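Inspection log for the structure reproduced underneath, given as structure tokens.
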There are 2 protein chains.
Amino acid sequence: MPTSHAHILSQILRKLELRGALDDADRGAFLALPLHRRMVEPNVYMVREGDRPDYASVILGGFAFRQKVTEAGARQIVSVHIVGDFIDLEGTLLNIADHSVQALTRCDMAFIPRQAIRDLVLSHPRLGLAMWVDTLIDGSVFREWIANVGRRDGTARIAHIICELGRRLEIAGLARADGFTLPLTQEQLGDATGMTTVHVNRVLKSLAQRGLIRRVRRDLSIPDWEGLRSTAGFSDAYLHFDQVARGVRPDRSL
Amino acid sequence: MPTSHAHILSQILRKLELRGALDDADRGAFLALPLHRRMVEPNVYMVREGDRPDYASVILGGFAFRQKVTEAGARQIVSVHIVGDFIDLEGTLLNIADHSVQALTRCDMAFIPRQAIRDLVLSHPRLGLAMWVDTLIDGSVFREWIANVGRRDGTARIAHIICELGRRLEIAGLARADGFTLPLTQEQLGDATGMTTVHVNRVLKSLAQRGLIRRVRRDLSIPDWEGLRSTAGFSDAYLHFDQVARGVRPDRSL
DNA sequence: CGGAGGATTGAACCTTATCAATCTCAGTGG
DNA sequence: CCACTGAGATTGATAAGGTTCAATCCTCCG
């Protein structure tokens, strides 16, 4: 790992700058943040429900997800995270974690002490604002997921999560021209959409039959983006790319 | 309305103080915030999806809710708000509203200009932190709702929303000793839980038959809190009352 | 070559949606 | 003071979307 801490932080900073104007003092303070880097193996917990987390973290590589487990034992994935996403910023300010965070694939992670972020934000309020924006966008995605799970049928739900992931991966520069590789197994796809594995499988097959996706295991290509978009009822407004990336193309792509 | 602006703001401030330590300068600045007060009739929109809101608001009296409408036309209520809740803090920092906010009952509202909040937060970062906590708790509730709609059956879903509302109303001092009045019609209850009105009605009846609730139209009493709690799989950890109200009783009540 | 995790398939079953009335009650106007 | 009205609540019958259970089949990997 030849990359220095300052280098890692400057990558994160670049994204944060898109969420709010910063000055040199802000940048300097951010780059001076203490952090440690660690590889996290798939399925390993980074935060456990009930924990009192000491660190916030950022994904430098790989995928992670957040989940809740019902008292009855059912699992619900509440978000999926990709490179550049802050994870558990809530751990900075809330006391007890209300959900768990797990690595989906092998993850390259940067951990920043909770107290360091608090101090930073108090001394550099513009950085606080930028992180607050991050939290707000998170919230917007959660709202869309409530609607997705609550008011769309199985087909639309799966189509929707594919659209969301596709669009986010594209913005992050992680998608191929024609599609991308799903970071989730069908079981996890089910846990994210409130469906059973069996039904996920059938829906995927039917989407393929209708020519909306082409798929070999987890490898997706999307020959008919508009078709997929419209069966999903997807619009990327809720991802607030206008505050995430400059000059983003309008809603459509791949 | 004999209450002065400063008086109104001091009520809001009291709640904010629970979310983060403030000093006298913070308090002074907050109390100097410009605001206007207005009554909003039931079903009137306070924010419309697609708007670029200029104001954040706080409920001084009444109930409100937030909703999204699917491209297919289905409605999903994504949160219900009560006295003291900040509404649309996202409007302060995000550009385009990704959802609508509507009055559920007649609402007494305080509107604060978006720019005033931005300025306040930049000059008084501790206030920013406190509001950020508010947003984080919002997010926690959204996550629970995803799990509710995604992984609980109809009975548990309805039981869960009843538990949540009951507990929040209790904390806000708005519940009777034995229960409370549901602020939602059965149709709205369905829109919040991803169910049809018909099924909501049947579930409510069955909850009553099992002795978990007693109900006359919207008037609820809860003779067996533990029974209701356990069929809901409810735990109030996700409401983060430890950061909302001091000395809150542990999870159980009414 | 043997495993193991993941994907796929079939059949039976069940929860929840749909459709279509009907009923209740609080509020309004005469 | 009562009939009228309309929103919301309730009920029944039927259909559909999704689950459950139980195999079977890949395919990557040591």
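The values are calculated or read from the model by the stated rules, or taken from the named source; none is laboratory data. Nothing here was measured: the structure is a model prediction, and the numbers come from that model. Note that we place each Cβ from the backbone using ideal geometry, even for glycine, and neighbour counts take in every protein chain shown. Ligands, DNA and RNA are excluded from the accessible area calculation, which covers all protein heavy atoms including side chains. Shrake-Rupley method; radii C 1.70, N 1.55, O 1.52, S 1.80 Å.
Label positions at A:Val69 and B:Thr196, each projected 7 Å from the Cα along the C-beta direction, are separated by 3.5 nm. Here is how far apart the A:Gly211 label points are across copies: 6.1 nm, shortest first, using a point 7 Å from Cα toward Cβ. Distance between the C-alpha centres of the stretch A:72-91 and the stretch B:1-66: 30 Å, rounded to the whole angstrom.
Work through the residues other than B:Gly61 whose Cβ is under 10 Å from its Cβ and net out their charges, Lys, Arg +1 and Asp, Glu -1. Summing Lys and Arg as +1 and Asp and Glu as -1 gives 0. For chain A, the Kirkwood estimate of hydrodynamic radius, built from reciprocal distances between every pair of different alpha carbons, is 19.0 Å.
At a probe radius of 1.4 angstrom, the accessible area of chain A per residue rounds to 39 square angstrom. Here A:Thr196 yields copy-to-copy label distances, from shortest upward, of 2.1 nm, the label point defined as 7 Å from Cα along Cα to C-beta. A simple spin-label model places pseudo-atoms 7 Å from Cα toward Cβ; at B:Ala32 and B:Thr181 they are separated by 4.1 nm.
Could you compute how much accessible area chains B and A hide from each other, both sides summed, with a 1.4 Å probe? Nearest 100 Å² is fine. Result for this pair: about 4800 Å² buried. Helix A:5-17 axis versus longest C-alpha principal axis of chain A: approximately 60°, rounded to the nearest ten. In order along the stretch A:147-154, the Karplus-derived 3J(HN,Hα) couplings, from 6.51 cos²θ - 1.76 cosθ + 1.60 at θ = phi - 60°, round to 5, 4, 6, x, 10, 10, 7, x Hz, and Gly and Pro are given as x. What's the carbon and sulfur percent of chain B's accessible surface, probe 1.4 angstrom, rounded to a whole number? Ligands and nucleic acids excluded, carbon and sulfur reach 51 percent. Between this copy and the others, label points of B:Asn43 are 5.3 nm apart in ascending order, each placed 7 angstrom from Cα in the Cβ direction. Across peptide B:147-160, the mean count of Cβ atoms from other chains lying within 10 Å of each residue's own Cβ comes to 5.
Fully extended, how many nm does the chain gain between B:Val216 and B:Ser235 (0.36 nm per residue separation, minus their Cα-Cα distance)?
4.3 nm
In this simple spin-label approximation, B:Ser123 and A:Met39 carry label points 7 Å from Cα along the Cα→Cβ vector, and these lie 5.1 nm apart. The trypsin sites (Lys or Arg not before Pro) of the stretch B:54-125 that meet both conditions, a loop assignment by DSSP and at most 16 other Cβ atoms within 10 Å of the site Cβ, are B:Arg106. Going 7 Å from the Cα of B:Asp23 toward and past its Cβ, which residues in the stretch A:98-139 have a backbone nitrogen under 17 Å from where you end up? Within reach of a label on B:Asp23: A:119-125. Solvent-accessible surface of protein heavy atoms, probed at 1.4 angstrom with all chains present, puts B:His124, B:His240 in the order B:His124, B:His240, largest first.
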